[in-house]
Amino acid sequence: CSTGLGSAQLLAAKVRKQFPQLKIVGVWSIQDLQQHKLTQVDLIISTIQLQVATIPTVIVSPLLESNEVQFVQQAIRQSTHQTHPVKRKILSMLSPNLVFAKRTLTSWQAVINLLGQQLVDQRLAKPGIVASALKRESLSYTSFGNYAVPHAEPDLIAQPRIVVCTLAKPIQWGEQQVSIIFFLAMTKHLTQAEIDEIFDDFYELVSNPHRLEILINSESDQDLYN
C-alpha cells in the first residue's frame, strides 16, 4: 500500500491465514518496493494499482474478499508452473492496441462507432460491424450495471477479439449508467469449449465489482491492458 503499515499489513494477515503455504518475503510501501531487488519474489499482492514488468501482480482489497481469493489461487498456480504457463483463452482475445482508457464519449452510439471502427481499421472485422452492433442494441440493450457488452454478427468478424473501453464519465446506456464497455467480437470458428472458457473467465471478471472498479479507475491504456 502507500505506507506499508496500513492496508498492506491487514492484507498480509489475511494472506497468512488463507495461504499458509506461501512465504511472505516483505510487506512494503510503494517506495520500499522500488528499492528492493525482487529476484526472490514470485508474486506481488497489492491493494493499489502498480506495474512490475517481470512479476505477476494481483490487485485486491485489504480484506481479501472471497472472490478475490480465487484470483490469488490462479496466480499461484501460474507462478508454480512458469516453465509451462497456463495460457487462458481470454488472454488471446485482448490486444494492447484495442484497449482505451478514460475516453470522453457521451453516447453508447459513439462508443460502438469508435470500437467497431477500430476493429475495421485493424482488419479484424468487416465495415458492417458498426451497423450490426447498433442494430443489436435496438433490439435490447446489452448494459448490465456499470458495464455493457455490445456485439455484432459473427460473420462480420475476421479474428476474435474483446475490445475494452472505459469512460471519463458514465453514460446512459438503456436504463444503466455505464463506465466500462467490452465489445465482444466473436467468430463462428471458435469451438464451444473455447467459448465456454472465454465466458467463464469473463463472467468471473464482471461479477467482481472491485475488479471492475480497478479497471474503470485505470488512468492509461497501458494500465488498463495490464
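The values are calculated or read from the model by the stated rules, or taken from the named source; none is laboratory data. What you see is a predicted model, and the numbers here were worked out from it, not measured in a lab. Every residue, glycine as well, gets a Cβ built from its backbone with ideal geometry; the counts of neighbours run over all protein chains shown. With ligands, DNA and RNA removed, areas are computed over all heavy atoms of the protein, side chains included. Shrake-Rupley method; radii C 1.70, N 1.55, O 1.52, S 1.80 Å.
Some observations on this one:
- For the stretch 31-45, putting each phi into the Karplus relation 6.51 cos²θ - 1.76 cosθ + 1.60 with θ = phi - 60° gives couplings of 5, 4, 4, 5, 9, 9, 6, 10, 5, 9, 9, 9, 7, 10, 10 Hz, in residue order, rounded to whole numbers and with x for Gly and Pro.
- For residue 103, distant residues with modelled amide H under 5 Å away: 166, 167, 168
- Here the calculated FRET efficiency for residue 131 and residue 34, from their Cβ-Cβ distance with R0 = 30 Å, stands at 0.05, rounded to the nearest 0.05.
- Computed from point charges on the beta carbon alone (+1 for Lys and Arg, -1 for Asp and Glu), the dipole magnitude for the chain about its Cα centre is near 300 Debye.
- The stretch between residue 5 and residue 138 holds 42.8 nm of extra length on full extension. This uses 0.36 nm per residue minus the Cα-Cα distance.
- Positive-end residue of 5, 72, 148, charge dipole of the chain with Cβ unit charges: 5
- With all protein chains in place and a 1.4 Å probe, the accessible surface of the chain carries 53 percent carbon and sulfur.
- Couplings for the stretch 112-127, taken from phi via the Karplus curve 6.51 cos²θ - 1.76 cosθ + 1.60 with θ = phi - 60°, read 4, 4, 5, 6, x, 5, 4, 5, 5, 4, 8, 6, 9, 8, 8, x Hz in order; Gly and Pro are left as x.
- Counting only residues at least eight positions apart within a chain, or on another chain, the lysines with an alpha carbon under 27 Å from that of residue 188 are 87, 89, 126, 135.
- This structure gives Cα Rg over 2.2 N^0.38 Å, computed directly, and of (1) 1.02; (2) 1.17; (3) 1.11 that value is listed as (3).
- Length gained on full extension, residue 159 to residue 107, computed as 0.36 nm times the residue gap minus the Cα-Cα distance: 16.1 nm.
- J(HN,Hα) series, the stretch 130-138, from Karplus relation 6.51 cos²θ - 1.76 cosθ + 1.60, nearest Hz, glycine and proline x: 5, 4, 5, 5, 5, 5, 4, 5, 5
- Potential lengthening of the chain between residue 95 and residue 188 amounts to 31.5 nm, from the contour at 0.36 nm per residue minus the alpha-carbon distance.
- Taken about its Cα centre, the stretch 77-187 carries a charge dipole of about 400 debye when Lys and Arg each add +1 at the Cβ and Asp and Glu each add -1 at the Cβ.
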